[in-house]
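Notes follow once the structure below has been shown.
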Amino acid sequence: MSSFPGKVGLIQRVLPNYRAPFFNALGRVCDGGLFVYAGRPQTDEFIKTIDYLDDAKLTLGTNLHILSGQLYLCVQTGLSSWLSEVKPDVLIVEANPRYLSTRAAIRKMHQKQCPVIGWGLGAPPISGALAPLRNFSRKQFIHQFEAMVTYSQRGAEEYAALGLPSEKIFVAVNAVTPAPTEPIPSRPDPDQTESAQILFVGRLQARKNIDNLIRACANLPEGLQPNMVIVGEGPARAGLEDLAGQIYPKTTFTGALYGESLAEKFKMADLFVLPGTGGLAIQQAMRYGLPIIAAQADGTQEDLVSPANGWIIPPDDIPALEATLAEALADIQNLRIKGTESYRIVAEEINLEQMVATFLEALHRSVQ
């Protein structure tokens, strides 16, 4: 892998612990160093953050959280001073206009004739009475960037629809783990007296639709009903535990797990299911050779999951989830075949190394 000769600044609203491997890997290929600025999440977000990076310089700032939900805004204090101190040659920012300090940071970089790279999910269509005004504002915001990195092909198409030239758009499929160096885990087929095991990993919040997964499993024929392991913490946990206790007691809630404890859950599972939004854990599950059931959401799911390694289902559709679970659990040999393809994809195509390579490409493009 090549390197970037300059000094790179990178601004995050918060720095989740799962992003540390990526930032460290990116830091190792920035010859002038990688300098990261991040604030703290709100307490009800249940995001585990970090205070230190091995291969990048992390500065922790202060986030001022304004309002909530669709009206949420964020101001990062101290950002201007950090930029003046670091003096990056290129700046990478989250392409989210709700982060009000970002616009000032972009202006400051451009005043010094230094490029800025956006990093975002995409720009889905806006509807409603204020749609023309909001689309105009979004287009102005997006066109400030010298390059744009997005997680999915759908995101790339959405940015292109706003008029951003295709040569400025780079797709770095979301990855949190490197290509595997160990062989695919060995999974014996469950015998007739055992149930298959399905796994969910993520924050426990309403948009994850974990309640749909519990209901779908409860609706399956008794002979297909799996053991279900739910890994994660979040505001929805108490309600989900109550629901599972009432209708699906074959559910285990472990709380948040990390490292080898989490790895063991991936190795013991037969199928990974993500019934709502998100997608980071999909790539991680694929690294352990798991087939995937994922709901359509922001586009990242479709770039990771195909009929060769799993199923994409409509969002918030319990009958579709139930039918897909029944199909998957009725044929364990097919699950193993799909899991092998998941492993191959992460080993050869979608991994941390490829994500870093795409960011390097965008860095080089931004200074041309």
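The values are calculated or read from the model by the stated rules, or taken from the named source; none is laboratory data. Bear in mind the structure is a predicted one, so any value in this text is a computation, not a measurement. We place every Cβ from the backbone using ideal geometry, glycine too, and count neighbours over all the protein chains shown. Note: accessible area is taken over every heavy atom of the protein model, side chains too, but ligands, DNA and RNA are not part of it. Shrake-Rupley method; radii C 1.70, N 1.55, O 1.52, S 1.80 Å.
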Single residue of segment 159-178 satisfying the filter (crowded, with 19+ Cβ neighbours inside 10 Å and without any contact (Cβ under 8 Å) to a residue 40 or more places away in the chain) that is farthest from Asp303 (Cα to Cα)
Leu164
Scan segment 254-309 residue by residue and report those that are closer than 25 Å to Glu194 by Cα and small (Gly, Ala, Ser).
Gly255, Ser261, Ala263, Ala269, Ala285, Gly289, Ala294
Against the condition surrounded by fewer than 17 Cβ atoms within 10 Å (Cβ to Cβ), closer than 25 Å to Gly118 by Cα and of a type outside the set (A, V, I, L, M), how does Glu327 come out, does it pass?
no
Only one of Arg215, Arg207 is open to solvent by 50 Å² or more (accessible area, probe 1.4 Å) and touching a Ser or Thr at 6+ places or on another chain (Cβ under 9 Å); which?
Arg207
Return a yes/no flag: does segment 58-66 have any residue that is closer than 19 Å to Phe4 by Cβ and either among the aliphatic types (A, V, I, L, M) or open to solvent by 60 Å² or more (accessible area, probe 1.4 Å) (or both).
yes
Given the structure, is Gln283 modelled with pLDDT under 95, within 23 Å of Pro185 (Cβ to Cβ) and either open to solvent by less than 50 Å² (accessible area, probe 1.4 Å) or out of contact with any helix residue (DSSP H, G or I) (no Cβ under 6 Å at 6 or more places or on another chain) (or both)?
yes
Hits in segment 15-41 (condition: over 16 Å from Trp82 (Cβ atoms) and open to solvent by 60 Å² or more (accessible area, probe 1.4 Å)):
Tyr18, Arg28, Asp31
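Residue-wise test of (1) within 30 Å of Gly155 (Cβ to Cβ); (2) of a type in the set (Lys, Arg); (3) in contact with a strand residue (DSSP E or B) (Cβ under 7 Å, 6 or more places away or on another chain).
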{"site": "Ile198", "(1), (2), (3)": "yes, no, yes"}
{"site": "Ala206", "(1), (2), (3)": "yes, no, no"}
{"site": "Arg215", "(1), (2), (3)": "no, yes, no"}
{"site": "Ala236", "(1), (2), (3)": "yes, no, no"}
{"site": "Ala244", "(1), (2), (3)": "no, no, yes"}
Find all pairs meeting these conditions: Cβ atoms under 9 angstrom apart; at least six residues apart or on different chains; first residue within segment 142-153 and touching a residue at least 60 places away in the same chain (Cβ under 8 Å); second residue of a type in the set (Asp, Glu) and in a loop (DSSP other than H, G, I, E, B).
Tyr151/Asp298; Ser152/Asp298
Give me the pairs: first residue in segment 247-269 and open to solvent by 70 Å² or more (accessible area, probe 1.4 Å), second residue in a loop (DSSP other than H, G, I, E, B) and of a type in the set (A, V, I, L, M), beta-carbon distance under 6 Å, and six or more apart or on different chains, which are they?
none
Please verify whether Arg187 is over 30 Å from Ser68 (Cα atoms) and not small (Gly, Ala, Ser), treating the condition exactly as stated.
yes
Would you check if Glu302 is at pLDDT 95 or above and either more than 20 Å from Gln283 (Cβ to Cβ) or within 18 Å of the chain's Cα centre (by Cα) (or both)?
no
For segment 4-40, which residues satisfy the criterion of being hydroxyl-bearing (Ser, Thr, Tyr) and either farther than 25 Å from Ile350 by Cα or touching a strand residue (DSSP E or B) at 6+ places or on another chain (Cβ under 7 Å) (or both)?
Tyr37
Tally up the residues in segment 123-141 that are open to solvent by 100 Å² or more (accessible area, probe 1.4 Å), modelled with pLDDT of 85 or more and assigned to a loop (DSSP other than H, G, I, E, B), please.
0
Taking the residues in segment 179-200 that are open to solvent by 20 Å² or more (accessible area, probe 1.4 Å) and of a type in the set (Val, Ile, Thr) as candidates, determine which candidate is modelled with the lowest pLDDT.
Thr193
